[in-house]
Amino acid sequence: MYSERIRLVSLHDRIMSAEQAAALIEDGMTVGMSGFGGAGDAKAIPAALVERAGRDPLKINLITGASLGKGLDGLMAEAGLLARRMPFQGDPVLRRAINAGEVAFIDQHLSEVVEQMRDGHIPTPDVAVVEAVAITERGHIVPTSSVGNSASLALAAKRVIVELNLGCNPLLEGLHDIHVPADRPDRQPIPLVRVDDRIGTPAIEIDPAKIAAIVICDTPETAYPMLPPDDETQAIANHLIGFFEREVARGRLAGNLAPLQVGVGSIANAVMHGLIESSFSDLTLYSEVLQDSAFALFDAGRLRFASGCSITLSEDCGRRVFAELGKYRERLVLRPQEISNHPEVARRLGIIGINTALEFDIYGNVNSTHVGGTRMMNGIGGSGDFTRNARLAIFVTKSIAKDGAISSVVPMVSHVDHTEHDVDILVTEQGLADLRGLAPRERVRAIIDNCVHPDYHAALEDYFERASRRGGQTPHLLGEALSWHLNLEERGHMLKAI
Ligand code: COA
């Protein structure tokens, strides 16, 4: 069975068990692993490392594309395996270890990881572990449902372990477009001018001599839990679609909008579902993670083409899409995250970036990562790559969280990921604030009038009114600006005074 998938016959003698292959990884090494949003993860080697760490303490520095699925990040954290972890995660157990200071987490713009590796700021991997659907006649690696950083990690690593996953549909081959920018000073412009351009190769072109081990697996794709749309996410979608319709009517956007980038998470996914009922068609996605909503839009005849760096689907959607891949594959491409998230390409294509905020403030600064200003949630991911360079940078969130104890609109964000200079549009279920071309005090009006939950409206008005009396380009009461977060920490509600 595997012989058809390892087409360079001389590599057949590198097949070994996961335990044998994992023995190539030594204490203190930097390891690169495939995996992005729970798609295309290395699975057998992390499991074997966890098993080994139970017997024999072991620490590694782990670099991936983004988060791993199947609880792997949590299992590795629990086993004490992770000394340093980059560039993104989304696991509750690892999150606890990061916030307890047990794992050094380097939260990075996803497009920049391999640039920093090239420049020597982060180490190149001693070993890269890449899940593959096939190895070609020339010994090149065909990834599975994500590309992420796999190509650059495999190219940079001293040795490569391939996890050949027989459970993946062979039709995945042909979906990938691997383009790796040259080192400086010989870097050329990225020759990608349309969402569906192919500019690279269908496999990762490494020297097959570097393949030190091949582990045969048969593991199903990881399912990514996705909450269904609810009344609030539907309202957010309606506000956004109304805004797009007005932009088209004014001639500022074309009838098929502009290439869309849609961030991770249930809210952004639900917002995309809202486009199914809209009047827009011939849409394109130039995004990072392709979620359930991308395939719902294909099925509804709304989406023409989707470019991403991973396909991250819920269980039911994943089962169906991977079984029927032939139906979609001509309209899909998976690229390295350096290209899917590249600022140069995002700016050239003029993307509309839709990402999720944890909170934003009355001036439009956005916090996507830190709960209460200190505790890491997931990481910035690709949201910064897109937001700074988008034609339209949009953030969505529900106006309250935790049964109303938290307002997502606050006087001052407790951590800044996206500054007021980068953010164009903010949307909650209450309404939409268009911040383009507005001065700070004008932005406050747009945000308070449109986005704030009624329970917090008067308190924000009062804060701004008193701050305005103090004056300034961006008025604040510095002694009070973070008092809502302090109230939450000490009293369990943002408006319960201390
Ligand atoms: N303060 C504290 N907690 C908050 C909050 C706030 N202001 N707003 C929301 N939350 C909580 C929610 O209650 C929920 O908690 P739970 O997990 O205990 O139920 C959790 O945060 C997630 O919020 P949810 O409303 O379900 O949103 P989501 O699943 O869409 O995730 C982010 C939102 C911001 C965490 C997620 O989008 C993210 O990690 N973004 C950063 C990376 C990124 O944007 N990448 C984009 C490029 S692909």
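The values are calculated or read from the model by the stated rules, or taken from the named source; none is laboratory data. Everything quoted here is computed from the prediction, not taken from an experiment. Every residue, glycine as well, gets a Cβ built from its backbone with ideal geometry; the counts of neighbours run over all protein chains shown. Surface areas here come from the heavy atoms of the whole protein model, side chains and all, with no ligands, DNA or RNA. Shrake-Rupley method; radii C 1.70, N 1.55, O 1.52, S 1.80 Å.
Okay, here's what the table says:
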quantity	calculated
Filter result for Asp455 (touching a Gly at 6+ places or on another chain (Cβ under 8 Å), without any contact (Cβ under 8 Å) to a residue 60 or more places away in the chain and near the ligand (Cβ under 9 Å from one of its atoms))	no
Test result for Arg441, free of Cβ contacts under 8 Å to residues at least 12 places away in the same chain, open to solvent by 10 Å² or more (accessible area, probe 1.4 Å) and over 20 Å from Arg388 (Cα atoms)	no
Single residue of Met412, Met377 found to be over 23 Å from Leu260 (Cβ atoms) and within 16 Å of the chain's Cα centre (by Cα)	Met377
Single match in Ile400, Ile394, Ile354 (criterion: β-branched (Val, Ile, Thr), surrounded by fewer than 24 Cβ atoms within 10 Å (Cβ to Cβ) and within 12 Å of the ligand (Cβ to nearest atom))	Ile400
Tabulated pairs, the stretch 316-342, first touching a residue at least 40 places away in the same chain (Cβ under 8 Å), second part of a helix (DSSP H, G or I) and small (Gly, Ala, Ser), C-beta under 6 angstrom, 6+ apart or interchain	Pro336/Ala151; Glu338/Ser111; Asn341/Ser111; His342/Ser111
Test set (1) open to solvent by 10 Å² or more (accessible area, probe 1.4 Å); (2) among the charged types (D, E, K, R); (3) outside any loop (DSSP other than H, G, I, E, B) - Arg252 fails condition number	(3)
Any pair with Cβ under 6 angstrom, 6 or more apart, that starts in the stretch 234-249 at a residue that is over 14 Å from Leu392 (Cα atoms) and ends at one that is of a type in the set (D, E, K, R)	Ala235/Glu429; Ile236/Glu429
Residue ID - least open to solvent (accessible area, probe 1.4 Å), chosen from residues in the stretch 174-212 that are within 25 Å of Pro125 (Cβ to Cβ) and among the basic types (Lys, Arg)	Lys210
Subset tally (residues that are hydrophobic (A, V, I, L, M, F, W, C) and away from the ligand (no atom under 16 Å from the Cβ)) for the stretch 234-282	12
Subset of the stretch 81-103 that is open to solvent by 40 Å² or more (accessible area, probe 1.4 Å) and away from the ligand (no atom under 15 Å from the Cβ) - its residue that is nearest to Gly28 (Cα to Cα)	Arg84
